[in-house]
Amino acid sequence: MEEKMRNTVKQKLITLVQLLFVLIFIVFEEIIWEGIAKPFYTWVHSLKALEKIEAWLQKVNATAILVIFVLMLVFVELLGIYAGVLFVSGKLLLGITIYASKIPIAAFTFWMFRVTEEKLMQFGWFRWIYEKTMIAIDWLKSLEIYQNTMKRLKKTKEHFRVFKRKYFSQDSPFIAKMKKLYSGIKQVLKR
C-alpha cells in the first residue's frame with residue numbers, strides 16, 4: 001500500500017514538473033517568440049542593411065563567429081535573468097523595459113545563427129548542444145500535457161478572435177453604439 005502511494009506521489013510530481021516545463025516553454029514560444037520576437041526577427045531579416053553584415057559574416061572565420069555568437073547569446077540571456085530578478089523584486093516597469101530591450105538583440109542573434117549556422121555547426125560540442133536542445137524541445141512537444149495545453153490555447157485564441165470581431169471590428173454594433181454615444185456626448189459638451 002505504501003509503495004503504491006509513493007508511486008502515485010512520484011507520478012504526480014513528474015506530471016507537475018512536466019507541466020511547469022510545458023508552461024514555461026509555451027510562454028516563451030507562443031507569447032514572447034510568436035507574439036513579439038518573431039515579427040521583430042522577420043523585420044530584422046528583411047533589412048537591406050543586413051545584407052552587408054551577412055556578406056561580412058560569410059568572410060569571417062568560424063572561431064570568430066562562434067565567439068561573437070556566444071557573447072551575444074550570453075548577453076541576451078543575462079538580460080533576461082536580470083529582468084526576471086527585477087520582476088521578482090517588485091520593479092515591474094524596469095523589468096519589462098529591460099526584457100523588451102533584449103528582444104531586438106535576441107532577434108539579431110537568431111538571425112546571426114541562421115546566417116552562420118553552417119560555420120557554428122563545425123564545432124562538435126556546439127552541434128551536440130544544439131542537437132540535444134532540439135531533442136529536448138521535440139520531447140516536450142510530444143508530451144500529452146503539452147498537446148492538451150496547446151489545444152486549449154488554440155480554443156482560447158479562437159474565442160478571443162470571435163470576441164474581437166464581434167465587439168471591436170469596424171462594423172460591429174458595439175462599436176457603432178460607442179461611436180453614437182461619443183458623438184452624443186461631444187454634442188452635449190459643445191453647448
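Could you grab the pairs with beta carbons closer than 8 Å, sequence gap of 6+ or different chains, first residue in segment 75-95 and free of Cβ contacts under 8 Å to residues at least 24 places away in the same chain, second one exposed (fewer than 13 other Cβ atoms within 10 Å of the Cβ) and not in a helix (DSSP H, G or I)?
As it stands, the answer is none, since no pair meets every condition given.
For every residue, the table says whether it meets (1) open to solvent by less than 50 Å² (accessible area, probe 1.4 Å); (2) closer than 22 Å to P39 by Cβ.
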residue: L79; (1), (2): yes, yes
residue: T116; (1), (2): yes, no
residue: Q122; (1), (2): no, no
residue: M134; (1), (2): no, no
residue: L140; (1), (2): yes, no
residue: R165; (1), (2): no, yes
residue: K179; (1), (2): no, no
residue: I185; (1), (2): no, no
residue: K190; (1), (2): no, no
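Scan I65, I96 and give me the residue that is on the phi < 0 side of the Ramachandran plot and open to solvent by 20 Å² or more (accessible area, probe 1.4 Å).
Going through I65, I96 in turn, just one is on the phi < 0 side of the Ramachandran plot and open to solvent by 20 Å² or more (accessible area, probe 1.4 Å): I96.
The values are calculated or read from the model by the stated rules, or taken from the named source; none is laboratory data. All of these numbers come straight from a predicted model, not from anything done at the bench. For neighbour counting, all protein chains shown are included, and Cβ atoms are generated from backbone atoms with ideal geometry for every residue, glycine included. In case anyone asks, the SASA skips ligands and DNA or RNA and just uses the protein heavy atoms, side chains included. Shrake-Rupley method; radii C 1.70, N 1.55, O 1.52, S 1.80 Å.
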